[in-house]
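The values are calculated or read from the model by the stated rules, or taken from the named source; none is laboratory data. All of these numbers come straight from a predicted model, not from anything done at the bench. Here the Cβ positions follow ideal geometry from the backbone for every residue, glycine too, while neighbour counts run over all protein chains shown. Heavy atoms of the whole protein, side chains included, go into the accessibility calculation; ligands, DNA and RNA do not. Shrake-Rupley method; radii C 1.70, N 1.55, O 1.52, S 1.80 Å.
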Amino acid sequence: MPRLFSIPRVWLERSRNKKTEAVYAQGDAAATVMYLQSGGVKLAVVNEVGKEAVVAILGPGDFFGEGCLAGQSIRMGTATAIVPSTVLVIEKDEMFKVLHEEHELSDRFIRFMLARNIRIEEDLVDQLFNSSEKRLARTLLLLARYGKDDQPHGLIPKMSQEMLAEMVGTTRSRVNFFMNKFRKLGFIKYNGGLQINTSLLSVVLHE
């Protein structure tokens, strides 16, 4: 049966000498699918020389670890809580069963996978054609759940500029420059976290 577990309160700053709170680690056996009920999870991949790339930040309502359903035997990346999080863990065989029997869950899962594919395509276009300023603005809006009316949005946990740089594909100094610019223009503000104003969309839409 599905089971619940809670991730302790952790606010991650990347540190080589500080142990982080992982839901699962790259290389672990892949036998379960995860559903994020609350909180936030970072998905990252580390290459053979130890360089980490953040590939996604997940929010409530997102699935992850679904590669096991397609035959993956090990985890291709690491999933780490970035805020206190509650995760529903579903065994692979149980997931197959409920997808066949529970049409509402099956429909929700399919919608999520289609949306993820669209997001991957958009990320690729964004990386290939847009400036680092636009990529950062789009990343912040996505983290703030902009456009998801069924989810709280606007405020995101404070995270390091190094992590944002990894997600955007630029340097920390560039992220620092643009974050200061966004703050001065009123697009963002720091208030116990990072408050994102929807006016930041103007940066993404500006030609």
| note | Of those in segment 153-176 that are small (Gly, Ala, Ser) and free of Cβ contacts under 8 Å to residues at least 24 places away in the same chain, the residue most open to solvent (accessible area, probe 1.4 Å) is Ser173
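Going through segment 73-104 one residue at a time, which ones are of a type in the set (A, V, I, L, M, F, W, C) and open to solvent by less than 50 Å² (accessible area, probe 1.4 Å)?
Within segment 73-104, the first condition is being of a type in the set (A, V, I, L, M, F, W, C), and the residues that meet it are 74, 76, 79, 81-83, 87-90, 95-96, 98-99.
Within segment 73-104, Ala79, Ala81, Ile82, Val83, Val87, Leu88, Val89, Ile90, Met95, Val98, Leu99 qualify.
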| Do you know which residues across segment 42-65 are open to solvent by less than 30 Å² (accessible area, probe 1.4 Å) and not in a strand (DSSP E or B)? | Gly59, Gly61, Asp62, Gly65
| remark: Of those in segment 180-199 that are out of contact with any strand residue (DSSP E or B) (no Cβ under 7 Å at 6 or more places or on another chain), modelled with pLDDT of 90 or more and surrounded by 13 or more Cβ atoms within 10 Å (Cβ to Cβ), the residue farthest from Val55 (Cα to Cα) is Leu185
| note | Subset of segment 188-201, residues of a type outside the set (S, T, N, Q) and within 22 Å of Ile82 (Cβ to Cβ), comes to Ile188, Lys189, Tyr190, Gly192, Gly193, Leu194, Ile196, Leu200
| Taking Glu66, is it touching a residue at least 40 places away in the same chain (Cβ under 8 Å) and more than 21 Å from Gly169 (Cα to Cα)? | yes
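For every residue, the table says whether it meets (1) among the aliphatic types (A, V, I, L, M); (2) within 30 Å of Lys181 (Cα to Cα); (3) touching a Lys or Arg at 6+ places or on another chain (Cβ under 9 Å).
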residue: Phe64; (1), (2), (3): no, no, no
residue: Met76; (1), (2), (3): yes, no, no
residue: Ala79; (1), (2), (3): yes, no, yes
residue: Ile82; (1), (2), (3): yes, yes, yes
residue: Phe109; (1), (2), (3): no, no, no
residue: Met113; (1), (2), (3): yes, no, no
residue: Glu122; (1), (2), (3): no, yes, yes
residue: Arg135; (1), (2), (3): no, yes, no
| said: So, Val33, is that one closer than 20 Å to Arg172 by Cβ, modelled with pLDDT of 85 or more and hydrophobic (A, V, I, L, M, F, W, C) or not? | reply: no
| request: Restrict the check to segment 152-174 and report whether at least one residue is under 20 Å from Val55 (Cα atoms) and touching a His at 6+ places or on another chain (Cβ under 9 Å). | output: no
| query | In segment 56-98, how many residues are modelled with pLDDT under 90 and among the small types (Gly, Ala, Ser)? | reply | 5
